[in-house]
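Input: a single structure, listed below in structure tokens.
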């Protein structure tokens, strides 16, 4: 088709959109090239584009072909008309023009309704109102086929604002199908939702993402239903609108809430929002740390449930303070004992403020519950530290005082052995002067097992002396410079101290634990504070023994394995047990001060934090752990051999040495 003809057809199409009747355009061969106009639907079953007009139901009517021939052969504008009847729609009056330059025949028909003109006017007014409503909706109304392309048979004008495509571009997938606009990751979801709803005979409602003509991605909300005629699904009808601003706002709000929750959790606070009308409370933040259960599980706790969890001795005071603060609309602050899920009590500090209505009456309360046990532990530790300072002073004095009689005992036992030995002439002479034989005395002592008793005295005094020396070394402050020490010697002293420590407590019998040592031969000495490394190893061994003895499900014989190996950069020491192990929550918290899994009054929660400080801060090393529930715990300590160790000679950090 020539460019001129296309331009003419475009002009005819434009005019037909505003035509109250109908327009049919024929080419020189009398084939239909265009059907349009507001009332074109009345002849949609009679004639279609591409059809030979005389063979159509419309062109085949008596006299219509002669009318068309008269239009074609007219040399002047043709003013005659032709009237045809349609099926129940009324009479159509046709007029025609022949465009000689393009060879096109333009037939324009006007529908004369079988009813009155007032009824026709009312019908057209309703159509105009419906069209106006559809064009002003914030989205698009559609009618489509239930196929994978969502082939559109009707689309309202809102299509352009929503997708960037004209409505005509989507009709019958002329330029693009609606399925092409849906992002790939949502196509299956949309299909499944629609098919499930249609199968159940229910409306469908979906939120998904599309990509517009300009490449912009939008969130859309669609609601629709299947159209059933004669028990068959003939189409889908619905409405689609842009909800991107709403989704973005909702996501931003969710992210804000999540940031607030994480900040509260990381600061160790359990935040709450209390509705004073319903007594319902929304909990967030460090719920696990404070309440000992998950955030979801704790949401069922309302104001009464919170009150029940306060220690009976504190409950009346706390509730009275809360009531007084509500009456006066002032800030609430209280310290009390709070019962956790496992039944244990935790000291907490509860601080909140009230939100007031227009009359100044409290309607909501927002606040935070913090772990107050740490502050109380600090106070207790300060008192304990003062006690330990006094005990340390007394212990040092006692050790020196014990050393004196202990030396006499040890020396006397050795002298007794020497005085009974026949190898000294003096002993033989004195025995003869008193009329006894040394051999007879020796036989008597052996028979009465006195010599065995002397050996026991010597061993016990030596053991006591070593224990006193280890205690003094262990408790001595690290004011001296580092020195090169043997890790094997440190392990020997720690195990000896551990055996003494645990054997004094029935529930922690160290002698029942199997110790396995796997040490690499020819280990180099390590530059360290000897007393501090002994404290590190002692704490790890003690924790392992306590964990295994407290585990009621321990299936294997308790074992502690100590491994020492080295490479060019580090000496590596591992302490591994076959105890109950740790879960992920405990692994994250284990090096934090005051964190403990032991029952109240058993541990202070400082042991492993001190271990971490000594290894990393005072020795420039690292400490990590590997553990799973039921598979024991392995602590891995790496101590530097080279220049890094020299930077920490005085216990200072690398930054201090620069």
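Throughout, read-outs are computed from the coordinates displayed, never taken from laboratory work. This one's a predicted model, so the numbers in the text were calculated from it and none came from an experiment. All Cβ positions, glycine included, derive from the backbone under ideal geometry; neighbour counts span all protein chains shown.
Below, the figures for the structure above:
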{"read-out": "Difference of contour (0.36 nm per residue) and Cα-Cα distance, residue 176 to residue 565", "value": "133.1 nm"}
{"read-out": "Spin-label model distance (nm) - residue 421 vs residue 499, 7 Å beyond Cα toward Cβ", "value": "2.8 nm"}
{"read-out": "Debye-sum result for the range 288-343 in log10 I(q)/I(0), which assumes one identical scatterer on each alpha carbon, at q = 0.20 Å⁻¹", "value": "-0.80"}
{"read-out": "Long-range Cα-Cα pairs in the range 515-562 (distance over 14 Å), rounded percent", "value": "65 percent"}
{"read-out": "Stretch gain in nm, segment residue 293-residue 247, where the contour uses 0.36 nm per residue and the Cα spacing is subtracted", "value": "13.4 nm"}
{"read-out": "Modelled FRET efficiency - R0 45 Å, residue 462 with residue 592, Cβ distances, 0.05 increments", "value": "0.60"}
{"read-out": "Residue order, fewest to most beta carbons within 10 Å, for 73, 189", "value": "73, 189"}
{"read-out": "Binned Cα-Cα distance frequencies in the range 121-242 - 5 Å width, integer %", "value": "2, 11, 20, 25, 20, 12, 6, 3, 1, 0"}
{"read-out": "FRET efficiency, 1/(1 + (r/R0)^6) with R0 25 Å, evaluated for residue 402 and residue 453 via beta carbons", "value": "0.75"}
{"read-out": "Förster radius 35 Å - calculated FRET efficiency between residue 209 and residue 282, Cβ distance, rounded to 0.05", "value": "0.70"}
{"read-out": "Relative packing of peptides 44-57, 98-111 - highest average C-beta neighbours within 10 Å first", "value": "98-111, 44-57"}
{"read-out": "Spin-label model distance (nm) - residue 489 vs residue 99, 7 Å beyond Cα toward Cβ", "value": "11.1 nm"}
{"read-out": "Net length gained if the chain between residue 345 and residue 636 were fully extended (0.36 nm per residue, minus Cα distance)", "value": "101.4 nm"}
